[in-house]
Amino acid sequence: MRIAAFGATLLLAFTACSTTDSSASPFQQPNSLMAGEISRRMEEIPYQHREELLQNLMWLAQTGEQTIPSLLQGLKSENPKVRSSSAWVLGRLRDHRTIPNLQAAMKDSDQSVRMEVARTLVLLGDLAWSPNLIEGLDSDKKEVRYMCHEALKSATGHDFGYDHLNQNENDLRVSVLRWRQWWSEYSGDTFFAQSYQQKYDLHAEVAAPMGESKPMPVVAPTPNPLDMPAGSSDASLPEAPATDRVSAALDLGDRL
C-alpha cells in the first residue's frame, strides 16, 4: 500500500510539473541540447555579417516553433541588431501568436528595428502598420525601398506601378502617392495622402485612378523570398542582390 501511495504521489508530481511547463509558454519547448544550440546561435548574431548571418537566421527559422521563445526574448535584447534579426526570423515563421509581442516591439527606440517589426507585422496580416512601410518607399536606400514594397505587395496584392529603382523622382512620388491614397481609402485617414500631395505639389488626377500598372492577384507569400542567387545585379534584375536584401531586411542600415 505504501509503495502504491508513493507511486501515485510521484505520478501527480510529474503531472503537475508537466502542466506547469506547458502553461508557461504556448510554444513548443526545445530539449536541453537544442535549447543550448539556439542560445548559442542567438548570442552569435551581433558578431555575424552578410552570408554568415543569413545562414544563422535561416537555421533559426527552419528549426521552427521551438525557436520562438528565444526570438521573443531577442526582441528585448540591448542590441538593435539582435532585435531586428529576431523580428526578421519571426516574419519567416509566420506564427500569428507572436503578433502581440511584435506590436509591443513597435515602441522600440531604434528606427531600423521598428521598420523591420512593421514589415513582419504587415506580412502577418496586421495592415495597421502599413504607413510605416509606405513612408519607407521614399528612403534614400534602394534596399529599404525594395523590402518595404515587397512586404506591402505581398500583403495586399497591389503594386501601384511602384519601382524601387525608378530614377525619375516625380514618377516615384506619384507611385508613393497612390500607395498613400490606398491607405487613406482603407483607413479613412485622408491626411496621410493629402499632406504628401501638398508637400511635393503632386496632382491628384495624375495619381488617380489608383490602378496598378501590373495588377497582382492576392496569393500566399512565397516560402523563400531570398532565393535569388547572390551577386545578381540591378542592371539585370528588378530587385537588389540577395546580400543587399538581407542587409535591408535584417538591419535597414549600415551596421552589417
Fill in the blank from the handout: FRET efficiency (Ser32, Arg94; Cβ distance; R0 25 Å; to 0.05) is 0.40
Problem - Label point distance in nm, Gln111-Ala208, each placed 7 Å from Cα along Cα→Cβ - result: 3.2
Problem - Highest-first arrangement of 85-92, 126-133, 27-34, where packing means the average Cβ count within 10 Å - result: 85-92, 126-133, 27-34
Exercise for the section: Rank the residues Thr67, Thr156 as a footprinting-exposure proxy: fewest other Cβ atoms within 10 Å of their Cβ go first. Expected result: Thr156, Thr67
Problem - Label-point separation, Asp201 to Ala104 (7 Å along Cα→Cβ), nm - result: 4.8
Practice task
Please list, or write none, the lysines whose alpha carbon is within less than 19 Å of the alpha carbon of Lys153, excluding same-chain residues fewer than 8 places away.
Solution key: Lys141, Lys142, Lys214
Problem - Neighbour-count ranking [beta-carbon atoms within 10 angstrom, fewest first] of Arg41, Arg50, Arg145 - result: Arg50, Arg41, Arg145
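Given R₀ = 45 Å, what would the calculated FRET efficiency be for Gln194 paired with Glu52, taking r from the Cβ atoms and rounding to 0.05?
Rounded to the nearest 0.05, the efficiency is 0.50.
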Completion exercise
Ranked from fewest to most other Cβ atoms within 10 Å of their own Cβ, Glu205, Glu150 fall in the order Glu205, Glu150
Handout entry: Per-pair calculated FRET efficiency, R0 = 41 Å: Glu78 and Tyr186 via Cβ, rounded to 0.05
Key = 0.70
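Bear in mind these aren't lab numbers, they're just calculated from the coordinates by the rules spelled out. These numbers come from a predicted model, not from an experiment. When we count neighbours, we look across all protein chains shown, and the Cβ atoms used for this are built from the backbone with ideal geometry, even at glycine.
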